[in-house]
Amino acid sequence: MPTEKIRHIALVGHMGSGKSTIGSLLGNLMNCDHTDLDVVIANQAGRSIGVIFAEKGEKFFRDLEAQALDSKLSTQEPLVISTGGGIVERSSNRILLKEKSFVVWLRADINILVKRVNRRTSRPLLKEKDPLEVLTKLDRERGNLYEEIADLTIDTNNMKATNVSEVLFDSLKSRLGVENE
């Protein structure tokens, strides 16, 4: 594969796969900005993702998410972008991600994801629901979509975020000519 310069790295995967943490670490390694779409949306809306879901519903949130994705992928400065787990549900988002970024799927086994998401109680899709049941259902719905758009897949099972970000950075250097300046 010939090396090419890329503008953006987009991290996709289920909740609990490490997108936000790994994105921040990768941005530091690459000497470029990291943006977390959930943070962008919450800041623009002036309320948390959970409140947006509760007040306006998931469709409204997904509309905000699509707008934030388009905005960030349109910037000239290279970004590491941590997406929300459901970003792949809209075909227009998948097309944008494929056209304007190098997509990395952070994959993990469902049982590992359940352990990780149980550490946080702020996830709207898990509110008063069984995480194993929800994540199993989401994996059936989204797993093939992540695979469809991924330029690179990294298994995050039993790996610390720092190790994943280093492995990812090394892979990007060799595949895409990314340099740590």
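The values are calculated or read from the model by the stated rules, or taken from the named source; none is laboratory data. Remember, it's a predicted structure, so these values are computed and weren't measured experimentally. Here the Cβ is made from the backbone with ideal geometry for all residues, glycine too, and neighbour counts use every protein chain on show.
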ask   = Of the numbered conditions (1) part of a strand (DSSP E or B); (2) touching a His at 6+ places or on another chain (Cβ under 8 Å), L106 satisfies every one except a single condition; which is it?
value = (2)
Residue that is modelled with the highest pLDDT [pool: residues in the range 30-51 that are touching a Phe, Trp or Tyr at 6+ places or on another chain (Cβ under 8 Å) and either under 14 Å from G84 (Cα atoms) or not in a helix (DSSP H, G or I) (or both)] = I41
inquiry  = Only one of R107, R47, R62 is basic (K, R) and closer than 18 Å to E147 by Cβ. Can you tell me which?
reply    = R107
task = For the range 42-57, name all the residues that are in contact (Cβ under 8 Å) with a residue 24 or more places away in the chain and either under 23 Å from S165 (Cβ atoms) or of a type outside the set (A, V, I, L, M, F, W, C) (or both).
result = Q44, S48, G50
query = Within the set of pairs 6 or more residues apart or between chains, which connect a residue that is in contact (Cβ under 8 Å) with a residue 40 or more places away in the chain and in a loop (DSSP other than H, G, I, E, B) inside the range 59-81 to a residue that is buried (at least 21 other Cβ atoms within 10 Å of the Cβ) and polar (S, T, N, Q) with Cβ atoms less than 7 Å apart?
reply = none
Residue identified as farther than 26 Å from D155 by Cα and out of contact with any strand residue (DSSP E or B) (no Cβ under 9 Å at 6 or more places or on another chain) among G16, G86, G57 = G57
query = Can you find even one residue in the range 82-95 that is more than 14 Å from Y146 (Cβ to Cβ), modelled with pLDDT of 95 or more, among the charged types (D, E, K, R) and not in a loop (DSSP other than H, G, I, E, B)?
reply = no
